[in-house]
Amino acid sequence: MDLAINPFSSGTRLRDMIRAIRACKTAAEERAVVRRECAAIRAAISEGDQDYRHRNMAKLMFIHMLGYPTHFGQMECLKLIAAAGFPEKRIGYLGLMLLLDERQEVLMLVTNSLKQDLNHSNQFIVGLALCALGNICSAEMARDLAPEVERLLQNRDPNTKKKAALCSIRIVRKVPDLAENFMSAAASLLKEKHHGVLISAVQLCTELCKASTEALEYLRKNCLEGLVRILRDVSNSSYAPEYDVAGITDPFLHIRVLKLMRTLGQGDADCSEYINDILAQVSTKTESNKNAGNAILYECVETIMGIEATSGLRVLAINILGRFLSNRDNNIRYVALNMLMKAIAVDTQAVQRHRATILECVKDADVSIRKRALELVYLLVNDTNVKPLTKELVDYLEVSDQDFKEDLTAKICSIVEKFSQDKLWYLDQMFRVLSLAGNYVKDDVWHALVVLMSNASELQGYSVRSLYKALLACGEQESLVRVAVWCIGEYGEMLVNNISMLDMEEPITVTESDAVDAVEVVLKRYSADVTTRAMCLVSLLKLSSRFPPTSERIKEIVAQNKGNTVLELQQRSIEFSSIIQRHQSIKSSLLERMPVLDEANYLVKRAASTQATVSSVKSAPAVTPGGQPKLPNGVAKPPAAPLADLLDLSSDDTPVTTSAPTTAPNDFLQDLLGIDLTDSSPAGGAPSTSTDILMDLLSIGSTPVQNGPPTSNFIPPGIAETKPVAVTPQVVDLLDGLSSSTPLPDENAAYPTITAFQSATLRITFSFKKQPRKPQETTINATFTNLATTTFTDFVFQAAVPKVVFISDTCSHSRQRIF
């Protein structure tokens, strides 16, 4: 760049330096220009250049705004402030506010200069000092200079008063103890005519109310009349060009006064009564066709809701919000919805009058307005309007956006569960929600629906027919599919035979094959998850008992999953095929309809589960890289839940109690196959056989044999029929203590023999021996004892071990006859 003068000398004009910096094409070039300019400024400072000091300070401020360090010029600010001329002081104070803040120790040197300038005869220099003090004042400076600022509040010049009031706000914020020094001066400023002074004074009064209770009481007694007068004069004033904003006279002063009125009237009935009339006048006279007028109206509403206003005034405020909901501006509608959510706690009936308008906001194109309106509708629902409101929401669910369906579905389900008094209406609404947005329904919602259908015996036929029709029409909704499959499996005969028809129903023709077809389609659908397919297998198993002619077909469908790669489905397929093929005598009792589920017990568990989930979110435990939560030292790892919930109807975080020897009769989640797992016999009598049958068929394990003679009639497969014996399951850790992580014992030590398994028909004992010079190997001798009078044939023994333990193939299993 060719300039007549050196562009990097201390005499370079500010505009030339800015032009040189902007001409740089790379950051490196810019850094080079700034570095050379800073070097020139340092040289000028060290030489004590008086002529270009203010120009150098202007350059430093621009360099500072670019993000480069300029601390070397801080003392130049103080020198310029100490100068006598106004131009130097102006640049000095500007640099002081820009380059320094209240945490800099250099500010201690400027306090005396500020005090002198606050007492200066030139009002412009006084204004500079007040402006700087209001921006960087620290607590120490506030205490030292508060008397000068308080004195300037009584100055004749309006601009000085305004700046002194703004500076006083900073002082009160830094040192609240000084609030009492400004109370009388602030009250006197409210008598001024200049609007700038009035706005500053109102803001100072508001800050005093926040800082001191004494100041709040003082201003309630001495300022309320002045505030009412100011608001009335501004509202009734004629056109004033200097204050007019879109036809409204000084809306900024309106809003500041209304905020201060809200602060003074909050919790004080006398003050609230005094300002009721002026609030009503402003609310009715202000036009709402301009944004400035809407701002004043909104502040009026907030003030009315914040003070002890009369009921008529509150209705007026809520009606204003109702008009806001019809405005085209999204911002105005959003703030109106927010305000109505606060107002509903004050006057619900007044908000209810605008219910139709609020419902229209639920269908708004703006997602933030939709969500806020939905929350407000949820608060408006009560016993009298639940049905029409729910109908409107469900109708909108059909056409709503995909990203809004989850929130809308959750609110509808919550409303239906909370306010439903008619079971039929509850079922109808839930069926429709499942059909429209079943993929968004949470598990605990359809769990509760299953519980209700189990208890409503008169509506079970209606439920299964409705769900069957919905399944055919909306087979892609996952939650609907699960409920429908469960219902068809439980109440399939009601579907086929049109049992328990209601007056409003029309008979439908469904054959046994049609019911099986519906479940088979779901089972083979590619999008069905493991839980849904497992429920389909259970449903088919139950239909094989309900519809004997379809038993062979069902057996073929179930058998198709014997080679499934998902272990859960493979296990169910094998076990259910065994039930259908080998246990015809017990199948009807094993697969009978589920007992009535305890609704009260489920609700208690659901509430506890929800509370536990909230607590876990607030304080989630640390998780190890393997995915297991870290437990504090000395805390035992919780036991794993037993295999009892075949339909996954219980929530994942529902605690399962395993310490009791028997299952409580009301715990329906322990028996979803329809078998009573409890000991329902009289005290001292023999236990029920259903538990033994279910445990043996599902290979859950075995428990030690109980005292008393066995009374079960179950005969395991492959054993000749003789005297009935009982098999009571129990799970035993066969290799407990043999992990390689435990200390290696002495080779010659004797190890006690343990009973690995024992029932009324079989006992298995293990004895252990260490190999010489091979402490890592243990020889386990298994002894099998037949306790029955019959012979065991095709006996198979299998041992499962953890990955850290190696077991040779010769010991993994054996096949022999036991006599």
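Read-outs: derived from the displayed coordinates by stated rules, not from any lab. Quick caveat: nothing in here was measured; it's all calculated off a predicted structure. All Cβ positions, glycine included, derive from the backbone under ideal geometry; neighbour counts span all protein chains shown.
A few points about this structure:
- Other-chain or far-sequence residues with amide H under 5 Å of residue 762's (modelled H): 787
- Scalar couplings 3J(HN,Hα) for segment 297-306, obtained by applying the Karplus form with A = 6.51, B = -1.76, C = 1.60 to θ = phi - 60°, are 5, 5, 5, 4, 4, 4, 5, 4, 6, x Hz; x denotes Gly and Pro.
- Full extension of the segment from residue 424 to residue 348, taken as 0.36 nm per residue of separation minus the current Cα-Cα distance, would add 24.5 nm.
- Separation of segment 355-410 from segment 751-794 is 67 Å, based on Cα centroids.
- The value obtained for segment 40-178, namely the Cα convex hull volume divided by the number of residues, is 104 Å³ per residue.
- Model label sites at residue 120 and residue 21, defined 7 Å from Cα along the beta-carbon direction, differ in position by 2.7 nm.
- Maximal additional length on extending the residue 596-residue 799 stretch stands at 69.2 nm, based on 0.36 nm per residue less the C-alpha distance.
- By average C-beta atoms within 10 angstrom, highest first, the peptides 438-448, 460-470, 564-574, 20-30: 460-470, 438-448, 564-574, 20-30
- Among the lysines of segment 1-138, pairs at least eight places apart or on separate chains and with Cα atoms under 21 Å apart come to 6.
- Residue-count net charge about residue 550 - beta-carbon cut-off 14 Å; Lys, Arg +1, Asp, Glu -1: -2
- Rounded to the nearest 20, the size of the Cβ-charge dipole of segment 97-178 about its Cα centre is 320 debye, with Lys and Arg at +1 and Asp and Glu at -1.
- Extended-chain gain in nm, criterion 0.36 nm per residue less alpha-carbon gap, residue 476 and residue 356: 39.9 nm
- Report note on the peptides 494-505, 332-343: ranked by the mean count of other C-beta atoms within 10 Å, highest first, their order is 332-343, 494-505.
- Neighbourhood net charge (14 Å Cβ-Cβ; Lys/Arg +1, Asp/Glu -1) for residue 487: +4
- Net charge dipole size for segment 27-76 [Lys, Arg +1 and Asp, Glu -1 on Cβ; Debye, nearest 20]: 100
- The residues neighbouring residue 508, those whose beta-carbon lies less than 9 Å from its own, together hold a net charge of 0 under the Lys/Arg +1, Asp/Glu -1 convention.
- The order of the peptides 115-128, 475-488, 393-406 by mean Cβ neighbours within 10 Å, most packed first, is 475-488, 115-128, 393-406.
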